[in-house]
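Nothing in this text is a laboratory measurement; each read-out follows from the coordinates by a stated rule. On a predicted model such as this, the values are computed, not experimentally measured, just so you know. Every residue, glycine as well, gets a Cβ built from its backbone with ideal geometry; the counts of neighbours run over all protein chains shown.
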Amino acid sequence: MAADYPDIDIAPLIDHTLLTPTATPEQVEQWCNDADRFQFAAVCIHPASVRQAAELLRGKNPKVCTVIGFPTGATTSAVKLYEAQDAVENGATELDVVINLSWLKVGKTEELHREIAEICQETGQTVKAILETTLLTDAEKRLAAELCMDAGVAFLKTSTGWNGGATVADVQLLKEVAREQAGIKASGGIRTIDQALELIVAGATRLGTSRGPDLLRQRDTLDKARG
């Protein structure tokens, strides 16, 4: 239960996420307003919404995060790089990049490393590598994490949320591999304050969730119940 965990301020760890295909400009505005109101770490929106989010959050604390190669990671390296550069030109300062899972599975590690390293180097922004851990063996998770860290990513991210979500076990594994040289973003299926706190205690330094305000309300309810 959440009451059993340390008193953790989760708001600064939340990437307030809006990645539904039907997201409207009105919803993007609401997400940005929520991010500013609750002082979340970032909003995470589709590339097409980056310019709007950047304008809404200009001069404010929350970062503008977007996804690259989402949700499969199977676009070409040239397309991913262009998408990343275009996002940065439009105002994104954090890029959640889906790795090429096929390359990982068949041993094309040099290609995977080169793709991520080029995005890190050419954009100069915070890159979070989405590993899609639910589709990988533990050995593959470790290999992907090591490759992405060597390529220069700032965070290792568990999931897109399209193929399952974050687990405590995966966060613990990534924390072990990261050795505090990269942050850990747990993402996918985080709906309760218990889940959020479990993942933070396990080692998550960011949480990707569309339910940030609801998580804070759940925490407030528990705090009031504890007196």
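When ASN100, ASN61 are checked against the criterion of being closer than 22 Å to ASP138 by Cα and of a type in the set (S, T, N, Q), a single residue qualifies: ASN100. Kindly check whether there is at least one residue in the range 150-164 that is within 24 Å of CYS32 (Cβ to Cβ) and in contact with a helix residue (DSSP H, G or I) (Cβ under 8 Å, 6 or more places away or on another chain). Yes, that holds for at least one residue. Residues in the range 191-217 that are over 11 Å from LEU13 (Cβ atoms) and of a type in the set (A, V, I, L, M): 4 in all.
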